[in-house]
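What follows is a single structure, written as structure tokens, with notes after it.
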């Protein structure tokens with residue numbers, strides 16, 4: 001219908017782009033419905049098949065439409081600009097067409113583009129295999145809970161048990177989970193290696209110097225943003241080492257083991273946050289973002305967006321997902337913990353971002369880069385923790401919240417940089433001709449973990465299997481964006497809380513911008529320049545300042561936390 005005709009007129013180009021948008025929206029709806037159904041119970045083969053068919057249909061649509069960019073790029077110099085000038089309706093596609101031209105050096109002839117599009121279906125196999133293994137097939141066995149009851153270990157229970165006061169509960173859960181992955185480490189190593197090879201193949205096919213450059217160039221993000229992040233954090237890692245030492249002293253341990261990193265440090269019982277209460281707490285915390293934002297939050301809570309609780313076969317973790325013309329749905333595995341409270345704020349940040357973007361932008365710009373998307377979710381968390389700290393009722397609650405804040409920065413900023421460090425290393429290893437065996441991956445992961453966590457940390461041999469439990473390694477240079485986003489969110493939230501109305505207005509504009517420009521530019525307009533090291537350094541400095549506030553609160557309490565640490569019963 002349109003193949004070979006895109007150079008005819010501006011109206012022809014507009015008609016094709018409008019049709020492509022309609023096809024894209026319809027397929028996104030089908031994929032979202034199928035995959036959300038699958039994720040509510042990954043054991044159901046009918047849902048698996050439905051998700052597979054929807055994904056295959058998406059690939060076939062990509063194949064059918066793959067002629068367009070090569071055809072537009074094959075037009076004589078200046079012809080595309082002339083077509084845009086003659087058709088006013090193409091104005092909304094200006095950035096999208098500019099992006100096509102930007103990608104000229106990496107766009108292949110039509111036949112080769114079609115082959116690459118066809119390869120997307122089976123190319124996603126390593127990720128699909130891991131998802132099925134991780135969520136549907138893997139069984140860890142039983143562990144003992146805090147009351148001594150034997151229970152099946154699940155992903156959600158593991159997260160909860162790592163915050164147990166009983167060191168034996170934490171250790172047993174940690175060992176059981178990691179042993180579960182270690183049993184399949186050779187298979188999982190081969191699967192991950194296949195995924196990395198896929199990234200390297202695609203980068204070389206498109207004439208990129210590296211898989212990193214290929215992954216980041218899709219959003220016009222310089223590779224130095226990534227490399228500077230890893231380098232800066234490695235060079236300024238001392239505050240994280242200091243936190244490990246404080247934690248070790250507070251727990252009364254000679255060395256910190258992996259199962260001690262999330263142990264509670266305050267003597268009171270861990271508070272529970274039932275979902276209805278969590279909704280009200282998050283709603284109050286988001287008040288600085290204004291009435292429109294809170295109205296969107298209320299719409300999500302009452303509008304059927306959220307699958308709240310864990311169930312057998314349900315995909316682990318949490319996410320926000322939908323299509324341009326659907327609700328921005330949330331999958332949670334809510335378990336009444338403080339972490340779950342923050343997860344609600346985080347995922348609602350994604351969903352409200354999606355809502356605002358889809359209302360303000362046409363389909364072509366109705367999505368957004370994760371580089372920006374994680375800012376929206378993490379800003380919510382930053383606002384929430386400041387609200388909770390401002391209303392802390394005494395030293396113990398203040399110390400508990402500060403500890404959560406510090407662990408949040410450790411997990412979202414430092415640990416995600418550690419993962420990004422590891423991910424870059426395994427891609428560079430494959431590009432250099434190395435083979436990603438289980439031994440290679442285990443040694444690299446353990447050494448990287450030790451560098452980040454410092455001399456006070458005592459690794460366990462099972463730590464070498466830690467790489468196998470990270471699904472994000474299948475997402476193609478994804479995790480670094482948690483760190484850059486955390487830095488941006490920290491800066492934006494601090495200004496919003498200080499009453500900076502201009503930043504507040506810029507932030508709401510950011511949430512409405514979708515993909516109408518490149519993410520680095522969008523964030524720069526909001527007031528954060530991630531091409532410079534300052535946001536990274538400021539976040540590290542913030543972590544250090546929180547440590548100064550936290551250390552006297554926790555260490556002056558002496559050994560108050562020790563009954564849940566060194567004084568626990570022997571490991572079962």
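Determine which single condition residue 265 fails, assuming it passes every other condition in (1) buried (at least 20 other Cβ atoms within 10 Å of the Cβ); (2) within 25 Å of the chain's Cα centre (by Cα); (3) part of a loop (DSSP other than H, G, I, E, B).
Checking residue 265 against (1) buried (at least 20 other Cβ atoms within 10 Å of the Cβ); (2) within 25 Å of the chain's Cα centre (by Cα); (3) part of a loop (DSSP other than H, G, I, E, B), the one that fails is (2).
Among the residues of region 164-211, how many are touching a residue at least 60 places away in the same chain (Cβ under 8 Å) and part of a loop (DSSP other than H, G, I, E, B)?
The total comes to 8.
Just checking, how many residues over region 219-248 are surrounded by fewer than 18 Cβ atoms within 10 Å (Cβ to Cβ) and more than 18 Å from residue 482 (Cβ to Cβ)?
8
Mind checking which residues of region 60-78 are farther than 25 Å from residue 519 by Cβ, more than 29 Å from the chain's Cα centre (by Cα) and surrounded by 13 or more Cβ atoms within 10 Å (Cβ to Cβ)?
64, 67, 70, 71, 74, 75
Can you pull out every residue in region 273-305 that is part of a loop (DSSP other than H, G, I, E, B) and touching a helix residue (DSSP H, G or I) at 6+ places or on another chain (Cβ under 9 Å)?
Matches in region 273-305: 273, 286, 290, 305.
Would you pick out the residues in region 227-247 that are over 14 Å from residue 550 (Cβ atoms) and either part of a helix (DSSP H, G or I) or at pLDDT below 95 (or both)?
227, 228, 229, 230, 231, 232, 233, 234, 235, 238, 241
Residue 477 versus (1) in a loop (DSSP other than H, G, I, E, B); (2) surrounded by fewer than 22 Cβ atoms within 10 Å (Cβ to Cβ): which is the lone unmet condition?
That leaves (2) as the condition not met.
Could you tell me which of the residues 402, 436 is part of a loop (DSSP other than H, G, I, E, B) and surrounded by 20 or more Cβ atoms within 10 Å (Cβ to Cβ)? Give the steps one after another, and end with the answer.
Working: 402 fails: part of a loop (DSSP other than H, G, I, E, B).
The match here is 436.
Checking residue 566 against (1) within 30 Å of residue 443 (Cα to Cα); (2) part of a loop (DSSP other than H, G, I, E, B); (3) modelled with pLDDT of 90 or more: exactly one of these is not met. Which one?
(3)
Just give me the residues in region 56-67 being touching a helix residue (DSSP H, G or I) at 6+ places or on another chain (Cβ under 7 Å) and either closer than 30 Å to residue 9 by Cβ or modelled with pLDDT under 90 (or both), in sequence order.
Answer for region 56-67, where residues must be touching a helix residue (DSSP H, G or I) at 6+ places or on another chain (Cβ under 7 Å) and either closer than 30 Å to residue 9 by Cβ or modelled with pLDDT under 90 (or both): 58, 59, 61, 62, 63, 65, 66, 67.
Looking only at region 39-51, which residues are touching a residue at least 24 places away in the same chain (Cβ under 8 Å) and part of a helix (DSSP H, G or I)? Give the derivation first.
Initial filter on region 39-51 (touching a residue at least 24 places away in the same chain (Cβ under 8 Å)): 39-44, 48.
Scanning region 39-51 gives 39, 40, 48.
What tally of residues in region 103-156 results from selecting those that are loosely packed, with under 12 Cβ neighbours inside 10 Å, in contact (Cβ under 8 Å) with a residue 24 or more places away in the chain and not in a helix (DSSP H, G or I)?
Number of matching residues: 3.
The values are calculated or read from the model by the stated rules, or taken from the named source; none is laboratory data. Since the model is a prediction, treat every value here as computed from it, not as a measurement. Note that we place each Cβ from the backbone using ideal geometry, even for glycine, and neighbour counts take in every protein chain shown.
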